[in-house]
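The structure appears right after this line, and notes come after that.
The values are calculated or read from the model by the stated rules, or taken from the named source; none is laboratory data. Just so it is clear, the model here is predicted, and its values are computed rather than measured. In this analysis, Cβ positions are derived from the backbone assuming ideal geometry, glycine residues included, and neighbour counts consider all displayed protein chains.
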Amino acid sequence: MTEAIYVDGVTKTFGGDIRALDGVSFSVEPATVFGLLGPNGSGKTTLVRILTTILRQDSGIARLLGYDVATYPSYVRTLFGLAGQYAAVDENLTGRENLMMVSRLNHIDRTDAQLRSDELLHQFALFDAKDRPLKTYSGGMRRRLDVAAALVAKPKVLFLDEPTTGLDPQSRNGLWEVIEELVAGGTTVLLTTQYLEEADRLASNIAVLDHGQVIAQGTPRELKANLGATVLEIGCIDLATTARVVEILTPLSSHAPHQVANSVEITVDDGPRFAMNALRLLDEEKITPTTFSLREPSLDDVFLALTGREAEVVPEATDSKAKKKGRRRDR
Amino acid sequence: MTIEASLVPPQSRRLSLAGDLKMMVGDAATITWRNLLGYIRIPEAAFFSSVQPIMFVLLFRYVFGGAIPIPGMTYVNYLIPGIFVQTVAFGAVGTSIGLAQDLHTGLVERFRALPMSRSAVLAGRTVADLVRNVFVVLIITGVGFAVGFRLHASVLAFIAGLGVLLLFSYALSWGFALIGLLAPNAETAQVMSFPILFPLTFASPAFVPVSSMPSWLQGFANNQPVGVVVNTTRVLMNGGPVGSLAWKAVAWSFGILIVLGPLAVRRYRRAS
Ligand SMILES: Nc1ncnc2c1ncn2[C@@H]1O[C@H](COP(=O)(O)OP(=O)(O)O)[C@@H](O)[C@H]1O
Ligand SMILES: [Mg+2]
């Protein structure tokens, strides 16, 4: 069977020295979701732009449904839908006019375009706002309209570049459901995300991208088996105690504990059992943690486990990372 | 694993020349429609873009005009053709700003990934700006007659003058489209446009006779595109022998189109 998406050794360099993609290879089976997971600046958007004929790779092969994207760009454009990283919608038009415009540019005749636009407006809960100019839309509504616009031509392959970044939880869940329906109907979806949770929920296969290279690849289950399914966080009263906790826990797990200021983070496969063991050992040493919690691994944890360092983020993203950190410490 | 060759698209997909053309026109019409809707949705912009030329008419008609003697015709008859050309030239800045905006809001990114004609975004922008220019020209015609412009040529010659003007405005739109594509953002597109526009519109016979300028400037003023188009529309709208002037104006317009049009299309395809 032909892969829906096939990428082999794709490289792309900007301005001579920025290696945005450094030999990326993977393939995606039809009617599945493929998650491209990576921090800001890891090359996700660049790869999506190559697969959607917007950019041309320097070397390597990229194919959609068996067709080479660089050789047959105009044919390939009839095969996919794209919702890029930033909502690409016309501010001066209404929601419905935006969908009509994209339908007409897909050469759908007027009557069908009207039917399809209304259908999508219903599906994305935008029907009541369909005749309002986009200036009155919230960020979440814009994003939904953008994804709807990617679907007008009922594409066989759908590219979603960070579709849920900036969405409220309700819109995000709604979008996840739409994606699941599409895949059940035979659509192949390539989704980029910075959230492990999202890739885990939707994708049957995940590639982790770092500095333009795939550093891990597999099913969510496989990745988690390698990375540990949960992260145990233990807060301590002072640095000396923290160091002692690291010593106590080190022999217990295949993953090394990691000290962050006054707390210890450790990735574990069997969270509850490990937690019980850890508590028992700490109790024997008369150490009482200030906090003690199990949580899902984050992208930072994935990177820590895979590369031994935190996800490096390009400057524009340092803010949100700092906030995330702060939030985590608060918990 | 052996790497199989790429599949080849089905032949039926390859469009005939007529099919290509039909697609190009249809896509350009869609983009024109969306640009015109944009103009209609911001009536303030349309209002103020016609206020500016009206101010120029009033300023030169009632403030400077008295000091500018024109042999053989009233100053207002001399002025109105110049205002026409100046207005469409300044209006072309709108083309560069609009395109720069589309480019940097991500909309063009979407267009590039659609199975649409590659030239439709530029064609749709320039045609919408042509439609806008027709409206602005009609408004100035009305204002012109209100402040004392009188038609001495035939109506047909006047319409021919408008034709030369609109053809020039369309060519200019493509030139400024190129600026919009080169600019890093909409603000810069605007700033980049004026150093080109000012010498062309003011070092020209648009407002004052070239004979009052230093001799080294006269040659430029009379032969640069804005100057030639001003002279041509002025003769066509006031009567008198046009001679080779009209051909020169048409040649400038087509020259700009033929040289800058493909450059803009090429730049559009490459810009990221
Ligand atoms: N058009 C461009 N010109 C120069 N550098 C670019 C361009 N697009 C992306 N890059 C660089 O390539 C790298 C990968 O970027 P990108 O693909 O946008 O990453 P991501 O989508 O994962 O955040 C970054 O270092 C980015 O700065
Ligand atoms: Mg990105």
Can you confirm whether the range A:61-68 contains a residue that is aromatic (Phe, Trp, Tyr), away from ligand 2 (no atom under 16 Å from the Cβ) and buried (at least 23 other Cβ atoms within 10 Å of the Cβ)?
no
Single residue of the range B:14-61 satisfying the filter (among the polar types (S, T, N, Q) and in a helix (DSSP H, G or I)) that is surrounded by the most Cβ atoms within 10 Å (Cβ to Cβ):
B:Asn35
Matching residues in the range A:257-286 - criterion: being more than 18 Å from A:Ala240 (Cα to Cα) and either touching a residue at least 24 places away in the same chain (Cβ under 8 Å) or assigned to a loop (DSSP other than H, G, I, E, B) (or both):
A:Thr267, A:Val268, A:Asp269, A:Asp270, A:Gly271, A:Phe274, A:Ala275, A:Asn277
Can you report the number of residues in the range A:152-166 which are crowded, with 21+ Cβ neighbours inside 10 Å and polar (S, T, N, Q)?
1
Looking at (1) crowded, with 21+ Cβ neighbours inside 10 Å; (2) closer than 28 Å to A:Arg142 by Cα; (3) among the β-branched types (Val, Ile, Thr), which one does A:Thr32 not meet, given that it meets all the others?
(1)
Kindly indicate the residue of the range A:247-296 that is touching a Gly at 6+ places or on another chain (Cβ under 7 Å) and modelled with pLDDT under 85 and also nearest to A:Gln194 (Cα to Cα) among those meeting that condition.
A:Thr267
Report, by residue number, each residue of the range A:216-227 that is under 23 Å from A:Ser42 (Cα atoms), not in a strand (DSSP E or B) and not charged (D, E, K, R).
A:Thr219, A:Pro220, A:Leu223, A:Asn226, A:Leu227
By residue number, the members of the range A:19-77 that are in contact with a Gly (Cβ under 6 Å, 6 or more places away or on another chain) and away from ligand 1 (no atom under 16 Å from the Cβ) are A:Ser25, A:Ala31
Take A:Ala87 and decide whether it is within 16 Å of ligand 1 (Cβ to nearest atom), assigned by TED's automatic domain parsing to the domain that holds A:Val183 and in contact with a Lys or Arg (Cβ under 8 Å, 6 or more places away or on another chain).
yes
